[in-house]
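Here is the structure we will look at.
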């Protein structure tokens with residue numbers, strides 16, 4: 001597809017600006033306005049560009065396009081961008097940029113993102129990105145934090161039907177939003193042993209992360225848990241071996257002989 005000015009300038013930028021932590025203001029530098037949104041959307045989701053040769057300039061154009069859409073607060077881009085998540089799952093740039101792009105677009109993205117997160121047909125890492133978007137939007141706009149928390153809780157309520165991995169992501173996301181009010185729901189998911197511990201840690205870690213336990217309390221609870229585990233292991237040890245002639249010796253053990 002061909003692109004007219006000024007959108008076509010993005011085809012020539014390559015990696016320019018992309019290594020900067022702060023995104024440049026595309027609207028000021030290149031004069032983008034609302035009238036360019038349709039062409040920018042098309043460029044952002046153009047799969048020929050997104051998967052062009054890695055050493056070409058073209059492959060970087062969609063990155064510039066979706067960042068520009070964020071800066072233009074282009075609500076029209078919400079659904080088109082979500083529609084290609086499954087195609088862009090292996091693109092690090094796409095998945096890492098989307099939370100910031102949607103946060104720039106604003107709270108209008110929340111309902112569609114919540115619906116995307118709720119759709120079990122969407123791939124795990126795509127849903128993880130959707131959860132990250134809710135976190136970023138909630139952090140950027142405190143007034144809608146409760147709405148973002150509610151969207152994450154809505155999915156965690158289905159913890160028995162979710163994968164353990166997804167529950168771990170949801171718990172971690174609620175921790176990022178400092179959602180102490182979500183603790184009872186999170187505890188239920190942990191009690192059901194249906195949360196991946198490698199993502200957000202265990203229930204004690206989560207309570208500490210939410211500010212519900214002090215470091216000293218964590219230490220005491222860890223001691224208690226460790227003691228319980230030791231007792232459980234001890235109870236499963238075999239009874240004292242039989243003594244006398246014919247009793248079996250453990251493997252790799254030799255009889256002691258008198259000198």
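Here's the picture: a label point sits 7 Å out from the Cα of residue 75 along the beta-carbon direction, and within the stretch 100-135 the residues with their amide nitrogen under 20 Å of it are 100-117, 133-135. The tail of the calculated P(r) for the stretch 113-206 beyond 18 Å holds 36 percent of all Cα-Cα pairs.
May I ask for the equivalent-ellipsoid semi-axes of the stretch 1-94, computed as the square root of five times each C-alpha gyration tensor eigenvalue and listed largest first in whole Å?
Numbers: eigenvalues 62, 51, 35 Å².
Sorted largest first and rounded, they come to 18, 16, 13 Å.
Principal-axis analysis of the Cα atoms of the chain puts helix 92-105 at an angle of about 70° to the longest axis.
Taking the average, over residues, of other Cβ atoms within 10 Å as the packing measure, peptides 113-125, 76-88, 164-176 rank 164-176, 76-88, 113-125 from highest down.
Per-residue ellipticity at 222 nm from helix content only, as computed over the chain with -39500 (n - 2.57) for each DSSP H run of at least four residues, stands at -16000 deg cm²/dmol.
Order these peptides, 64-71, 40-47, by their mean beta-carbon neighbour count within 10 angstrom, highest first. Write down the numbers at each step before the final one.
Numbers: 64-71: 25.0, 40-47: 20.5.
Taking the mean over residues of other Cβ atoms within 10 Å, the ranking is 64-71, 40-47.
Centre-to-centre, using Cα atoms only, the stretch 102-148 and the stretch 67-82 are separated by 14 Å.
In the elastic network of the chain, a GNM with C-alpha springs shorter than 10 Å, the most mobile of 193, 145, 22 is 22. For a quick check, take a GNM of the chain with Cα springs below 10 Å and name the residue from 19, 154, 180 with the largest mean-square fluctuation. The residue with the greatest mean-square fluctuation here is 19. Across the chain, the fraction of Cα-Cα pairs farther apart than 32 Å, rounded to a whole number, is 42%. Compared with the dominant Cα axis of the chain, that is its longest principal axis, helix 215-235 is turned about 50°. Here the simple spin-label model places points 7 Å from the Cα toward Cβ, and for residue 150 and residue 89 these points are separated by 3.1 nm.
Could you list 156, 11 in order of exposure, starting from the residue whose Cβ has the fewest other Cβ atoms within 10 Å? Mind showing how you got there, number by number?
Numbers: 156 22, 11 18.
So the residues, fewest neighbours to most, are 11, 156.
Angle of helix 164-176 to the longest C-alpha principal axis of the chain, folded into 0 to 90 degrees and rounded to 10: 70°.
Highest mean first, how do 132-141, 209-218 rank when packing is the count of other Cβ atoms within 10 Å averaged over residues? All intermediate terms of the calculation are to be shown ahead of the outcome.
Working: 132-141: 22.1, 209-218: 12.8.
Ranking the peptides 132-141, 209-218 by packing returns 132-141, 209-218.
Taken together, the values in this text are just the output of simple stated rules run on the coordinates, not laboratory data. All values reported here derive from a predicted model rather than from experimental measurement. Positions of Cβ are generated from backbone atoms using ideal geometry, with glycine treated the same way; all protein chains shown enter the neighbour counts.
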